[in-house]
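The values are calculated or read from the model by the stated rules, or taken from the named source; none is laboratory data. This structure is a prediction, so every number in the text was calculated from the model and none was measured. In this analysis, Cβ positions are derived from the backbone assuming ideal geometry, glycine residues included, and neighbour counts consider all displayed protein chains.
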Amino acid sequence: MTAPTPHWNRHIKLDSAREAAEWLVKLEEGPLDPQTEAQFAVWLSADPAHAAALSRAREAWRQAEALRPGREALMGRQVYGAQVLEPVLSAMRQPLAAAACLLLGISGMAIYGSVTAADLRTGPGEVRTFRLADGSQLTLDGNSAVDLAFNTGTRRIALRKGAAYVIAAPRQGAETRPFVVVARGGESQALGTEFAVEYLDTGVRVTVTEHLVRVSHDHGQAVLAEGQSVIYGLEGWQAVQTAPSLQAATWRDGRMVFDRAPLKDVVAQLNRYRRDRLYIAGTGLAERRVSGVFDTRDPQNALSSITTGLKLRSLDTPAGTVIYP
């Protein structure tokens, strides 16, 4: 059974974490000479945060040792989210530097995974509905964030991460401004009322549940009707597809519904409901297909069901959980 990931204090100063990891490496190498031991005592007493940082460095060391069984399985694989996870993989390659790498990996995780200044945002697993100044209604999925830019010419929402469901107030009477949601270089302009915009692993999906939406991106454009969706992003522009309204934004009802969805997109949605982060080791795994209905309130059970069904394994690290063969 995989050991649970400990609670990590991500507010420890990076300098203290780095120094603590360096001291731990020296301590693990063998007894300190008198001069170095005196320097260590001075450092330890200089700031109460140093003792806390050293304690967490020791825990990181312990976690690195626990990772030994999974090292060979992960070495040499491309890992989605590697810009954050690479310090952990480096630690697995170089056990002596494990504590330093793991602690730095945690710091990177905090920077990568957070949006610190957004107009509206939600936490992991939190779904909230907001009434906007023009009367529109905006619902955010867990781990989502938007910025609002309403001016005399446009009602503009920038989706920075996660997923949003919009019921746009119509352009009628005194309200003549277009309603636009921007995400990853694309724009979705409401020509009707209700639609969803969500980040996938490398793209954005727009799904219309009522009336029309004009979607435009550098790689293409289309007017989507009710029951249609399109994906655009780093991999270009995909063909417009049929999207049953009952399957659109089911997260509002606490359900994740997948119909042969790529594992990488499933992981992207699961990460909206988890406090730690999921990663996939290997490009082949990222394209494996997942079908099923899962409860957004129990993402761990969803992960267990998915990995069991695909005959995969998972490995907990201080920077997140890795899915691998």
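Here the helices (runs of 4 or more DSSP H) wholly within the stretch 21-135 that include at least 1 residues being buried (at least 20 other Cβ atoms within 10 Å of the Cβ) and at pLDDT 50 or above are 48-66. Which is among the charged types (D, E, K, R), touching a residue at least 24 places away in the same chain (Cβ under 8 Å) and within 20 Å of ALA149 (Cα to Cα), of ARG214, ARG252? The match here is ARG214.
With the requirement that a residue be among the acidic types (Asp, Glu) and either at pLDDT 95 or above or under 21 Å from PHE179 (Cα atoms) (or both), what does the stretch 208-242 give you? Within the stretch 208-242, GLU210, ASP218, GLU226 qualify. A single entry from GLU37, GLU22 fulfils the requirement of being charged (D, E, K, R) and closer than 30 Å to ASP316 by Cβ: GLU22.
I want to confirm something. Restricting to the stretch 199-246 and keeping residues that are of a type in the set (Ser, Thr, Tyr) and part of a strand (DSSP E or B), which single residue is surrounded by the fewest Cβ atoms within 10 Å (Cβ to Cβ)? Within the stretch 199-246, the match that is surrounded by the fewest Cβ atoms within 10 Å (Cβ to Cβ) is THR242.
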